[in-house]
Amino acid sequence: MYENLKTQNIDNIADFIDLRSDTVTKPDAQLREVMAAADVGDDVYGDDPNVNALQDEMAQKLGKEAGIFLPSSTQSNLVAMLTHNPRGREIVVGRKYHIFKYEAGGAAVLGGLTYDPLPVQEDGGLNAEDIHAAIKPNDSHFPISTTLVLENTHSGQAVSMERTIAAADAGRAHNMNIHLDGARMFNACVKLGVDAPTMAAPFDSINICLSKGLGAPVGAVLVGSKDFIHQAKRWRKMLGGGMRQAGIIAAAGRFALHNYVDDLAEDHRRTKHLADALRETGRYDVTYQDNQTNMLFVHLEKDRAKKLGAHMRDNKIIVSAGTESRIVLHRNIDDNQLDQIISAFKSFNG
Ligand SMILES: *Cc1c(COP(=O)(O)O)cnc(C)c1O
């Protein structure tokens, strides 16, 4: 189901509790202080101390050699695809994964790359057998399957290490590059109790988003080997992602990385609480699996979904109301607001 993702026209949106995404988080007072005080330099010359530190710290945290700061996870994934794959190569990826479904086909349009999208399993992972079966023989009819892309979390589901390693091993068996779109990888680490280097170990490159659950305003970091990041830097420049005094935003990313990762457990706790409360009403069809982190899904028929959206809006809550409404919790929602959200769902009798 593809629904229109356009913005909702709401006046005074700041007065609303926003459940559309964890990207809506605004930098708190601490982050703003850090940003105001940040030392900066020209990052295209490699002179920005906060960008340099963020790149090193993220690489170190994930047990990789180097990192590069980018304006968004979309650009980070695209740079990874352009760096891993010469034109004409194939990316094997989950059909519902962001790189395939929500990045406007960037790797195809700008990189001359093709995708082979595989079914995503119940737990958010890919089947190793499907990966083996997708690899093309060396025959002039076929593109060369060059890069495998996994995603964690996917739809808020933390994919287990066991599933991840089996998929990565399948890719390795065919000499593929293995990329993790780990925009929300720290949610998966916190949920599964797996440390970041262990989670990152099966991968050549990993994208991490700073402006989702971590609460920084802008940016993503791509990590990998020194050589990979050196090449990625050229692609970033070509795509217009070379920023100048980017330390203003990188400083917020550093602070979030060091101080806010553990808080993701609170988002997960509140999400479970909300799922339980919605199920208790007996009136909502809720998808919340055991490996869910900060998202749940409410299934409604179209008319009822529309009414729910209006009802929530009357209660100063924004949801992307559709037949499958994604509800996302994040660090700008506290326990009081959670109670308000639950009350609003309970008082809906559409
Ligand atoms: C949000 C997201 C992205 C893209 O992030 P932007 O910073 O909005 O470009 C990529 N991959 C995954 C898995 C995401 O959740």
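Angle, helix 73-84 long axis vs. longest principal axis of the chain, Cα atoms, 0 to 90°, nearest 10? Approximately 20 degrees, to the nearest 10. Backbone geometry of segment 329-334 corresponds, through the Karplus equation with coefficients 6.51, -1.76 and 1.60 at θ = phi - 60°, to 3J(HN,Hα) couplings of 9, 7, 6, 8, 10, 9 Hz, x marking Gly and Pro. Divided by 2.2 N^0.38 Å, where N counts the residues, the Cα radius of gyration of the chain comes to 1.00. For segment 203-286, the equivalent ellipsoid built from the Cα gyration tensor has semi-axes of 36, 15, 12 Å, listed from largest to smallest. Most simply put, the chain has about 50% antiparallel DSSP beta bridges, counting only bridges with both residues inside it. Could you give the angle, 0 to 90 degrees to the nearest 10, between helix 302-314's Cα long axis and the longest principal axis of the Cα atoms of the chain? It is inclined by approximately 70 degrees. Dividing the summed -39500 (n - 2.57) terms of all DSSP H runs of n ≥ 4 by the residue count of the chain sets its mean residue ellipticity at 222 nm at -12500 deg cm²/dmol. In this entry, segment 159-222 is assigned a mean projected area of 4.2 nm², taken as a quarter of its C-alpha convex hull surface. Using only Cα atoms and rounding to the nearest 10 degrees, what angle (0 to 90) does helix 335-346 make with the longest principal axis of the chain? For helix 335-346, the angle is close to 70 degrees. Using Cβ point charges alone (K and R +1, D and E -1), the dipole size of the chain about the Cα centre works out to roughly 760 debye.
When all alpha carbon pairs of segment 263-350 are counted in 5 Å bins from zero, the resulting P(r) reads 3, 15, 27, 29, 18, 7, 1, 0 %. Placing pseudo-labels 7 Å out from each Cα toward the beta carbon at Tyr102 and Thr198 gives an inter-label distance of 2.7 nm. Each residue of segment 123-135 was assigned a 3J(HN,Hα) from its phi angle through the Karplus expression (A = 6.51, B = -1.76, C = 1.60, θ = phi - 60°), giving 8, x, x, 10, 7, 4, 5, 5, 5, 3, 5, 7, 6 Hz with x at Gly and Pro. Cross-link partners for Lys306 among the lysines, with Cα-Cα distance under 21 Å and sequence neighbours closer than 8 places in the same chain left out: Lys6, Lys316, Lys346. Translational diffusion of segment 14-130 was estimated from the Stokes-Einstein equation, with Rh taken as the Kirkwood radius over Cα pairs; at 4 °C and 1.567 mPa s the coefficient is 74 µm²/s.
Quick one: pull the percentage of alpha-carbon pairs in segment 190-339 with a separation above 26 Å. Value for segment 190-339: 42 percent of Cα pairs lie more than 26 Å apart. Segment 8-73 and segment 287-315 have Cα centres lying 29 Å from one another. Between Asp303 and Arg244, the simple label model (points 7 Å from Cα in the Cβ direction) yields a spacing of 5.7 nm.
Less than 5 angstrom separates the built amide H of Val120 from those of Arg95, Lys96, all sequence-distant by 5 or more or on a different chain. Volume of the convex hull of segment 188-227 (Cα atoms only), normalised per residue: 73 Å³. If you wrap segment 105-199 in the convex hull of its Cα atoms and look at it from every side, the mean projected area works out to 6.6 nm².
Dipole magnitude for segment 193-302: about 720 debye, using +1 per Lys or Arg Cβ and -1 per Asp or Glu Cβ, origin at the Cα centre.
Throughout, read-outs are computed from the coordinates displayed, never taken from laboratory work. Note that this is a predicted model, so its numbers are computed, not measured. Don't worry about glycine lacking a Cβ; one is built from the backbone with ideal geometry, like all the others, and counts go over all protein chains shown.
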